[in-house]
1. Taking the simple approach of a point 7 Å from Cα along Cα-to-Cβ for both residue 3 and residue 19, what is their distance in nm?
2. To the nearest 20 debye, what is the magnitude of the charge dipole of the range 47-171 about its Cα centre, counting +1 on the Cβ of each Lys and Arg and -1 on the Cβ of each Asp and Glu?
3. Give the lysines whose C-alpha is closer than 19 Å to that of residue 83, dropping any in the same chain fewer than 8 places away, or say none.
4. Which of the aspartates and glutamates could a cross-linker bridge to residue 90, judged by Cα under 20 Å and excluding same-chain residues fewer than eight apart?
5. Could you list which residues have their amide H under 5 Å from that of residue 23, counting only those 5 or more apart in sequence or on another chain, with H placed in the peptide plane?
6. In terms of Cα to Cα distance under 21 Å, which lysines are near enough to residue 3, apart from those fewer than 8 places away along the same chain?
7. Return the percentage of antiparallel bridges among DSSP beta bridges fully within the range 47-171, rounded to the nearest 5 %.
8. Calculate, for residue 92 and residue 11, the FRET efficiency according to 1/(1 + (r/R0)^6) with r their C-beta to C-beta distance and R0 35 Å; round to the nearest 0.05.
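Read-outs: derived from the displayed coordinates by stated rules, not from any lab. On a predicted model such as this, the values are computed, not experimentally measured, just so you know. Note that each Cβ is placed from the backbone with ideal geometry, even for glycine, and that neighbours are counted across all protein chains shown.
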Amino acid sequence: MTKEEIVSLIRNVPDFPKKGIMFKDITPLLANPEAFKAIIDDLAALCKDKGITKIVALESRGFIFGAPLAYVLGVGFVPIRKKGKLPYKKLSIEFDLEYGKDIIEIHQDALDKNDKVLLVDDLLATGGTMSAAIKLIEQLGAKIELCAFMCELEFLKGKEKLSAPSKSLIVF
């Protein structure tokens, strides 16, 4: 499947979740098995020779890509979740959103200094959540080899907030 065919499956939804936002809806892409497989294969190719030991993904749409990617690469999967969703000892970080603050968490024993991480999310927008995730992973001593995204909204300059290397399959 070509990149153009994949992009054509991403639906623009105006004024969602609020007026003035052009939301990139990936659900038609996810419903297409050929496109979904191509995305997972392309994400796997980004980190082919990096010695990845763990895939870390952000709640919730990062899980859609992170879990099958961990399966394909034969490595562990680690979720980063919103506050109050993880049952064990955890590290938390508060970060700024466009209109307020949020908190994400990771289990304290999820990673260690020997882990080489691929950090995955569906979309890079402003970079706030991903920047916070990078800090959590670094607090656990793991090395981030790459941050990978299916899509990036380049005009929001989220990549500038990231302290780890990153690649996006599709850039808007």
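1. Reported label-point gap for residue 3 and residue 19 is 3.7 nm.
2. The calculated dipole for the range 47-171 is roughly 240 debye.
3. 101, 135
4. Residue 90 reaches 59, 102, 105, 109, 112, 115, 138.
5. Result for residue 23 returns 13, 15, 16.
6. 24, 37, 48, 167
7. Details: 10 of 32 bridges.
In the range 47-171, approximately 30 percent of DSSP beta bridges are antiparallel ones.
8. Taking R0 as 35 Å, the efficiency between residue 92 and residue 11 is 0.55.
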